[in-house]
Amino acid sequence: MVPAFRSPWVWLPPAIGLALLVLVLASGANRAAFLALNHAGQALGPLFWLHLTMLGDGAVALALVLPCIRRVPHCFWAALAAAVFAALWTQVTKQFVDMPRPLSVLAPDQFFQAGPAYRRVSFPSGHAAAAFAMAGIWSMGVAGSPLRRMLLLLLASLVSLSRIMAGVHWPVDILWGMLGGWLGAWLGLRLSGRWAWPTAGVGGLVAGLVLLGVAASLLVSRHVGIPAVLPAQRLIGLVCLLWGGWELLRMWPWSAGRLGGRRTARRRQIEEEEVDG
């Protein structure tokens, strides 16, 4: 499914994000909005936001792509392309804009901060880029109800906001990251729709094995830096490892041939039984 730009599900989310970014910059409300959101969000408790922020981690987002390798190959390739674009969007921007993190600007008692104590290169948020890249892939790349699409956008927004609630990013960071992630999703879907790459081949197998390694790393890695979310991280890694491994096995030509042979033998047996009967 190639997203048509005239669809509001394609252009409206980034348009809203861009409008909010311009508004925050023009009004100089970046710090005030950060403090207001950071304080208000604590009503839901830190564990809620820390688990959401884990979902925006790059390794977690990539592992979650793996189970769709066989069923929706165009989304699989689009997600990988979007991940590359989102990574370039954030890393290239960081080379030109070295914005200090809230911990370097505000006193520690002014806001809630959790996880690694980052102090530099705040702009933009890679978590927001990853969250909106994945939400964009599924909301633009798979036909579905408006409710499902709205829920995906809500989840991506909450994951992005979690970076403010954890005290490590400003509002402008997540808005710029959101724009990069959404643009990456749109470009990825356009590329995969244009070339219609299959996953049942050498390229798909190599990509799948790499993502299996990413999923496996979640079982032992502590790179997120938040001990409270390790059980959830490992559960996601285990589910993606088992599910993705099963999908890869079913994709292999020898597996498909064996399964097809079994079905043919069973069909022949049924036909023979019907004749004998």
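The values are calculated or read from the model by the stated rules, or taken from the named source; none is laboratory data. Fair warning: this is a prediction, and the values are worked out from it, not measured in the lab. No Cβ is skipped: glycine too gets one built from the backbone with ideal geometry, and neighbour counts run over all protein chains shown. We work out accessible area using only protein heavy atoms, side chains counted, and drop any ligands, DNA or RNA first. Shrake-Rupley method; radii C 1.70, N 1.55, O 1.52, S 1.80 Å.
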Given the conditions (1) more than 14 Å from the chain's Cα centre (by Cα); (2) surrounded by fewer than 24 Cβ atoms within 10 Å (Cβ to Cβ); (3) not acidic (Asp, Glu), every one holds for residue 152 apart from (1)
Of the conditions (1) outside any helix (DSSP H, G or I); (2) touching a His at 6+ places or on another chain (Cβ under 7 Å), the single one that residue 222 does not satisfy is (2)
Of the listed residues (178, 140), the one being closer than 19 Å to residue 53 by Cβ, touching a Phe, Trp or Tyr at 6+ places or on another chain (Cβ under 8 Å), open to solvent by less than 40 Å² (accessible area, probe 1.4 Å) and not small (Gly, Ala, Ser) is 178
Exception for residue 71 within (1) closer than 21 Å to residue 186 by Cα; (2) at pLDDT below 95; (3) part of a helix (DSSP H, G or I) falls at (3)
Cβ pairs under 7 Å, 6+ apart or interchain, first in segment 13-39 and part of a helix (DSSP H, G or I), second open to solvent by less than 60 Å² (accessible area, probe 1.4 Å) and small (Gly, Ala, Ser), ordered by first then second residue, are 24/33; 38/167
Log entry, pairs with first residue in segment 151-163 being at pLDDT 95 or above, second being surrounded by fewer than 18 Cβ atoms within 10 Å (Cβ to Cβ) and of a type outside the set (Val, Ile, Thr), beta carbons closer than 8 Å, six or more apart or on different chains, reads 161/37
Out of curiosity, is residue 183 surrounded by fewer than 18 Cβ atoms within 10 Å (Cβ to Cβ), within 14 Å of the chain's Cα centre (by Cα) and part of a helix (DSSP H, G or I)? no
When residue 110 is run through (1) modelled with pLDDT of 95 or more; (2) of a type outside the set (Ser, Thr, Tyr); (3) surrounded by fewer than 18 Cβ atoms within 10 Å (Cβ to Cβ); (4) under 28 Å from residue 215 (Cβ atoms), the failure sits at (4)
Subset of segment 121-162, residues touching a Gly at 6+ places or on another chain (Cβ under 8 Å) and among the β-branched types (Val, Ile, Thr), comes to 137, 159
